[in-house]
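Here is the structure we will look at, set down as structure tokens.
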Amino acid sequence: MPSSRFSGTLSGPKVGVFIDMGNPFLNLTVDGFLKIGTVAATRAVAEDAYHIVKKGSVSRHNFERTLKKMCKEGAYWGTVAGVYVGMEYGMERIRGTRDWKNAMIGGALTGAIVSAASNNDRDKVLIDAITGGAVATAAEFLNYVT
């Protein structure tokens, strides 16, 4: 029976920016902030561009709203990513090992911190901590799937 096989890789342009803050913890945190913040800002632009094209008109108000949304989304998600990366690295340093548990603890702490900063409901903070830990652990395990 004839068979066929496809093998290859798909990659895009790779842009590497490194900012040396003089401390590995700060380097990773700033790197996470910049990378995820950029993705969030780009998503905001793409979403607003879709709505502008769909509506068929571009105005100064639309441009200003998009710019504000880019900054807000980029700062929010960049901060969340920076806190997570910093927490995971901190757990690695404290525990002296690199494994999925660091991701779980870092995600849980990040979920709790971000939630506590935006509301006072203890149950919501706990639920967000569990969610953060679960998502970070799942992402870590997906890194090992081949």
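Quick notes
- Net dipole in debye of segment 24-79 [+1 Lys, Arg Cβ; -1 Asp, Glu Cβ; about Cα centre; nearest 20]: 260 debye
- In straight-distance terms, cross-link reach from Lys68 covers every one of the aspartates and glutamates whose alpha-carbon lies under 16 Å from its own, apart from those fewer than eight places away in the same chain; here that gives Glu47, Asp48.
- All other residues whose Cβ lies under 13 angstrom from that of Thr110 are scored, Lys and Arg at +1 and Asp and Glu at -1, for a net of -2.
- Peptides 54-60, 75-81 ranked from most to least packed by the mean count of surrounding Cβ atoms within 10 Å: 75-81, 54-60.
- Cα centre as origin, Lys/Arg/Asp/Glu Cβ charges: the chain dipole, Debye: 440 debye
- Candidates Leu26, Leu109, Leu67, ranked by Gaussian network fluctuation over the chain, Cα under 10 Å, top entry: Leu67
- Computed FRET value (nearest 0.05) for Ser59 with Ala134, which takes r as the C-beta separation and R₀ as 35 Å: 0.25
- Counting every alpha-carbon pair across segment 24-79, the share separated by more than 18 Å comes to 40%.
- Set against the labelled values (1) 1, 6, 7, 9, 9, 8, 8, 7, 7, 6, 5, 5, 4, 4, 3, 2, 2, 2, 1, 1, 1, 0, 0; (2) 2, 7, 15, 15, 12, 11, 12, 11, 8, 5, 2, 0; (3) 2, 9, 11, 15, 16, 15, 12, 9, 6, 3, 2, 1, 0, P(r) over Cα pairs in 5 Å bins from 0, in percent computed from this structure falls on (3).
- Taking a straight line from the alpha carbon of Lys69, these lysines sit under 27 Å away, with near neighbours fewer than eight places off in the same chain left out: Lys14, Lys35, Lys54, Lys55, Lys124.
We did not get these values from a lab; they are worked out from the coordinates using the rules stated. Bear in mind that the values here come from a model prediction, so they are computed numbers and not experimental data. Cβ sites come from the backbone with ideal geometry, for glycine too, and all protein chains shown count toward neighbours.
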